[in-house]
Amino acid sequence: DTAVSQTPKYLVTQMGNDKSIKCEQNLGHDTMYWYKQDSKKFLKIMFSYNNKELIINETVPNRFSPKSPDKAHLNLHINSLELGDSAVYFCASSPYQGHQETQYFGPGTRLLVL
Amino acid sequence: KNQVEQSPQSLIILEGKNCTLQCNYTVSPFSNLRWYKQDTGRGPVSLTIMTFSENTKSNGRYTATLDADTKQSSLHITASQLSDSASYICPPGGNTPLVFGKGTRLSVIA
């Protein structure tokens, strides 16, 4: 009965490769997010989607492209991976759009770029 | 600039003891503040969420307080358990995306 799930859990890849991370939530929420947690442990929002529509894009390089095929899924594709992309990426969801709602986080995907 | 500062950065306490974590924030406009617990290698889990009109909210052994005038919040943990060992983060919310600080790393030892 996992609420927010992400795959893969670990991802090790070479610089320059393209990779995707998948996220699914079974909570029936309308809004989904991608966050990046760097080595200093700060969580920073990257994208937010509400009902499959992009509502937040926080100055993320265009090598990162989110895709939401339906409101239960928000995938993250990263082109031409760089060393600085190494981080933990968290997907989250909340019932509605807006910053009043509690966000439910996935377990994270640990990306290491060599 | 929207910011969050938490103190202490890290804390070690004996099992059974109480502790208090502090959170100072500068977010405008402000509407709510959350406390999350993040276990090592896991995603954050919500403990409490308070609106600007609430002063205190409890969730079991966790009690959060909020002073919206001084822009300060605290999280008090009573009778700590080994499983409380985690990072605690307090993102404030307004009409902008949540701002996360570095958190307080709590270690509870036997």
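The values are calculated or read from the model by the stated rules, or taken from the named source; none is laboratory data. Keep in mind it's a predicted model, so treat the numbers as computed, not measured. Note: ideal-geometry Cβ built from the backbone for every residue, glycine included; neighbour counts use all protein chains shown.
Observations on the model:
- Checked against the criteria, residue A:6 does not count as out of contact with any Pro (no Cβ under 7 Å at 6 or more places or on another chain), within 14 Å of chain B (Cβ to nearest Cβ) and buried (at least 16 other Cβ atoms within 10 Å of the Cβ).
- Taken over the stretch B:89-108, the criterion of being at pLDDT below 90, facing chain A (nearest Cβ under 9 Å) and assigned to a strand (DSSP E or B) is satisfied by B:93 alone.
- Only one of the numbered conditions (1) β-branched (Val, Ile, Thr); (2) within 14 Å of chain B (Cβ to nearest Cβ); (3) on the phi < 0 side of the Ramachandran plot is violated by residue A:59, and that is (3).
- Counted residues, the stretch A:28-49 - those being touching a residue at least 12 places away in the same chain (Cβ under 8 Å), more than 13 Å from residue A:107 (Cβ to Cβ) and surrounded by 15 or more Cβ atoms within 10 Å (Cβ to Cβ): 14
- Flag if residue B:16 is more than 24 Å from residue A:106 (Cα to Cα), surrounded by fewer than 17 Cβ atoms within 10 Å (Cβ to Cβ) and more than 14 Å from chain A (Cβ to nearest Cβ): yes
- Hey, residue A:90 among the aromatic types (Phe, Trp, Tyr), surrounded by fewer than 20 Cβ atoms within 10 Å (Cβ to Cβ) and in contact with a Phe, Trp or Tyr (Cβ under 9 Å, 6 or more places away or on another chain) or not: no
- Conditions (1) surrounded by fewer than 17 Cβ atoms within 10 Å (Cβ to Cβ); (2) touching a Phe, Trp or Tyr at 6+ places or on another chain (Cβ under 7 Å); (3) in contact (Cβ under 8 Å) with a residue 24 or more places away in the chain; number of the one not met by residue A:54: (3)
- In the stretch B:32-88, the residues that are hydrophobic (A, V, I, L, M, F, W, C) and more than 14 Å from every other protein chain (Cβ to nearest Cβ): B:66, B:68, B:75, B:77, B:79, B:82
- Taking the stretch B:67-88 as the range and being over 23 Å from residue A:41 (Cα atoms), modelled with pLDDT of 95 or more and surrounded by 18 or more Cβ atoms within 10 Å (Cβ to Cβ) as the test, only B:80 passes.
- Search result, residues across the stretch A:62-82 that are within 14 Å of the chain's Cα centre (by Cα), in a loop (DSSP other than H, G, I, E, B) and free of Cβ contacts under 8 Å to residues at least 40 places away in the same chain: A:63
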